[in-house]
Amino acid sequence: MRIRRSVSLGLVASLAMPWSAALVVSGLWVLMSGGTLLGLSPIQQVAAGLAGVAAGSLVFTFCVADRLFPGASRGVVWAAEVVSCLTMLAGLSVLALASAP
């Protein structure tokens, strides 16, 4: 039995959208006020928040947008994914360096 493409697209989108939304919302929460509750320094708060927002954007772009809009310009999609990935990696790198003793 083969799964129809529309069913698999719906399943991926229904799983990836809450996942990406949770990453973005948690990243914004850490960026705005949650970092102080977690005991993060200001630089750690900004780095963790940006990494969370970028991770959510990357998940959404890769799992939802690429599948729902397959005819989108590859250059634009590639640029959005690369910017999100580099922002996430930079945020995680700064967070790791700022957390080192």
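Derived scalar couplings between HN and Hα for the range 77-94 equal 5, 4, 5, 5, 5, 5, 4, 5, 5, 5, 5, 5, 5, 5, x, 5, 5, 5 Hz in order, rounded to whole Hz, by the Karplus curve 6.51 cos²θ - 1.76 cosθ + 1.60 (θ = phi - 60°), x for Gly and Pro. Pair-distance distribution P(r) for the range 48-87, from all Cα-Cα distances in 10 Å bins starting at 0: 32, 53, 14, 1 percent.
Values of log10 I(q)/I(0) for the range 1-88 across q = 0.12, 0.14, 0.23 Å⁻¹ run -0.44, -0.56, -1.02, by the Debye formula with one identical scatterer at each alpha carbon and no solvent. Sequentially through the range 55-61, phi angles give Karplus couplings (6.51, -1.76, 1.60; θ = phi - 60°) of 5, x, 5, 5, 4, 5, 5 Hz, Gly and Pro residues having no value and appearing as x.
Report, to the nearest whole %, how much of the accessible area of the chain belongs to carbon and sulfur atoms, 1.4 Å probe, protein only.
Working: 5000 of 6580 Å².
That fraction is 76 percent.
Residue ranges 69-75, 36-42 sort as 36-42, 69-75 when ordered by packing (mean number of other C-beta atoms within 10 Å per residue, highest first). Note that the chain presents 65 Å² accessible area per residue, ligands and nucleic acids not counted, probe 1.4 Å. Result for the chain in a Gaussian network model with C-alpha springs under 10 Å: among Leu31, Leu15, Leu89, the largest mean-square fluctuation is at Leu15.
The values are calculated or read from the model by the stated rules, or taken from the named source; none is laboratory data. If you're wondering where the values come from, they're calculated on a predicted model, not measured in any experiment. Neighbour counts run over all protein chains shown; Cβ positions are idealised from the backbone, glycine included. Please note that ligands, DNA and RNA were not included when accessible areas were found on the heavy atoms of the full protein model with its side chains. Shrake-Rupley method; radii C 1.70, N 1.55, O 1.52, S 1.80 Å.
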